[in-house]
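Trainee: The structure that follows is given in the form of structure tokens.
The values are calculated or read from the model by the stated rules, or taken from the named source; none is laboratory data. Just so it is clear, the model here is predicted, and its values are computed rather than measured. Note that each Cβ is placed from the backbone with ideal geometry, even for glycine, and that neighbours are counted across all protein chains shown. Just the protein is used for accessible areas: all its heavy atoms, side chains included, with ligands, DNA and RNA removed. Shrake-Rupley method; radii C 1.70, N 1.55, O 1.52, S 1.80 Å.
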Amino acid sequence: MNFLWPQFLWLLAAAPLLVLLYLWLLRRKKKLALRYASLSIVREAMGVRQSVRRHIPPFLFLLALVAMLIAAARPMAVVVLPSNQQTIILAMDVSGSMRAADVQPNRLVAAQEAAKAFLKDLPRHVKVGIVAFAGSANVAQLPTTNREDLVQAIDSFQLQRATATGNAIVVSLATLFPDAGIDIANFSPQGNNSNRTRGVPLEQAGKPPPKEFTPVAPGSYTSAAIIMLTDGQRTTGVDPLDAAKVAAERGVRVYTVGIGTVDGETIGFEGWSMRVRLDEETLKAIANKTQAEYYYAGTAADLTKVYNTLSSRLTVEKKETEISALFALGAAVLALLSAGLSLLWFNRIL
């Protein structure tokens, strides 16, 4: 626990002095009672139980004073709070290899069912957008709170060839920041993007240039996040690490989920075959670069667990927060309890 005003903690030194003052008052009262035989007899008649009771209200009041002094020092602690996450983009791989049945009933269906279960667990105020990618990436559903539209978009996936993981990140970022001028045309497929901010897409010609952008710390943008699920390695399109760099510069976390074969194998269906391998190293690098995490799901059950974990992670977060109000509330409760017990037992307030 940290304190914004730690100098106020010196006031806690008054607590032992108050205890000594209380003991001195008790001793003084005892001396006065011994002068009068009747008072001494009354005290003996009270019994041990009544004698212990009279110390409880002052003790509770002392605790209330200590809590108030701690509250004055403005304590800070790491607590779990509802997340400020307002928008989540699900970027889902719809390449042909997602038809493989090593994840039952197949990779695509398992991913669809896990995504729909993920939507059910999210708070209704959180917007979700869907980006489907294979050889290219397209927005299947703009961010919305309408879960029915999102489910319909997930159910309408059409499998295509190739895998463009970098394009998926770029399109997701463009969806989150529609006025930022983020466009795939500004990226080089070869990964050399030193001039990526100079290019202007043809459709943006004549429009006002995007606002000046200053990079922020990776993971610092708490209003949105991207979850990218894929079962293969990039075969075309934008270099995913270049796309991840742009996400990191805007503070957006890109959580990556790998599904399928890690070592690589040949998958065949409908008379043709393909060699697929999950590029875990790149997915881990994307997550690390954006201050997010990578998850591997080898089965449908694993995939469901991954989405459950992401749901809980994106809806709550740990952050350092001032908790002075909690100590002030505790002090008020202790003070009221002290006064109430004193009135109940002795018909006086302390």
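Trainee: If I go through the range 336-350 residue by residue, how many of them are at pLDDT below 90 and in a helix (DSSP H, G or I)?
Mentor: The total comes to 9.
Trainee: So which of G206, G129 ends up being at pLDDT below 85 and more than 23 Å from A285 (Cα to Cα)? Quick ask: steps written out before the conclusion?
Mentor: Numbers: G129 fails: at pLDDT below 85.
Result of the check over G206, G129: G206.
Trainee: Next question. Could you run through the range 129-175 and say how many residues are free of Cβ contacts under 8 Å to residues at least 24 places away in the same chain and surrounded by fewer than 17 Cβ atoms within 10 Å (Cβ to Cβ)?
Mentor: 7
Trainee: Out of (1) of a type in the set (D, E); (2) within 20 Å of S312 (Cβ to Cβ); (3) over 21 Å from the mean Cα position of the chain (by Cα), the odd one out for D179 is which?
Mentor: For D179, the failing item is (2).
Trainee: Whether any residue in the range 93-109 is of a type in the set (D, E) and either open to solvent by less than 40 Å² (accessible area, probe 1.4 Å) or touching an Asp or Glu at 6+ places or on another chain (Cβ under 8 Å) (or both) is what I want to check.
Mentor: First, pick out the residues of the range 93-109 that are of a type in the set (D, E): 93, 102.
From what's left, either open to solvent by less than 40 Å² (accessible area, probe 1.4 Å) or touching an Asp or Glu at 6+ places or on another chain (Cβ under 8 Å) (or both): 93.
Yes - at least one qualifying residue is present in the range 93-109.
Trainee: What number goes with the only condition from (1) of a type in the set (K, R); (2) more than 19 Å from L90 (Cβ to Cβ); (3) at pLDDT 90 or above that R253 does not pass?
Mentor: All conditions are met except number (2).
Trainee: Any idea which of (1) of a type in the set (A, V, I, L, M); (2) surrounded by fewer than 18 Cβ atoms within 10 Å (Cβ to Cβ); (3) under 16 Å from S156 (Cβ atoms) is the one V79 doesn't satisfy?
Mentor: With (1) of a type in the set (A, V, I, L, M); (2) surrounded by fewer than 18 Cβ atoms within 10 Å (Cβ to Cβ); (3) under 16 Å from S156 (Cβ atoms) applied to V79, the lone miss is (3).
Trainee: Please specify each residue of the range 221-251 satisfying the condition of being among the β-branched types (V, I, T), closer than 25 Å to M98 by Cβ and surrounded by 19 or more Cβ atoms within 10 Å (Cβ to Cβ). Working first, answer last.
Mentor: As a first pass, look at the range 221-251 and keep what is among the β-branched types (V, I, T): 222, 226-227, 230, 235-236, 238, 246.
Right, trim to closer than 25 Å to M98 by Cβ and you get 226-227, 230, 235-236, 238.
Across the range 221-251, the qualifying residues are I226, I227, T230, V238.
Trainee: Out of the range 279-330, which residues are over 21 Å from A115 (Cα atoms), at pLDDT 85 or above and either aromatic (F, W, Y) or open to solvent by 60 Å² or more (accessible area, probe 1.4 Å) (or both)?
Mentor: Hits for the range 279-330 are E281, N288, K289, Q291, E322, A325, L326, F327, L329.
Trainee: Please count how many residues of the range 139-153 are in contact with a helix residue (DSSP H, G or I) (Cβ under 8 Å, 6 or more places away or on another chain) and closer than 22 Å to S223 by Cα. Spell out how you get there, then give the answer.
Mentor: Taking the range 139-153 first, the residues in contact with a helix residue (DSSP H, G or I) (Cβ under 8 Å, 6 or more places away or on another chain) are 139-144, 147, 150-151.
Filter once more, so that each one left must be closer than 22 Å to S223 by Cα: 139-144, 147, 150.
Final tally of qualifying residues: 8.
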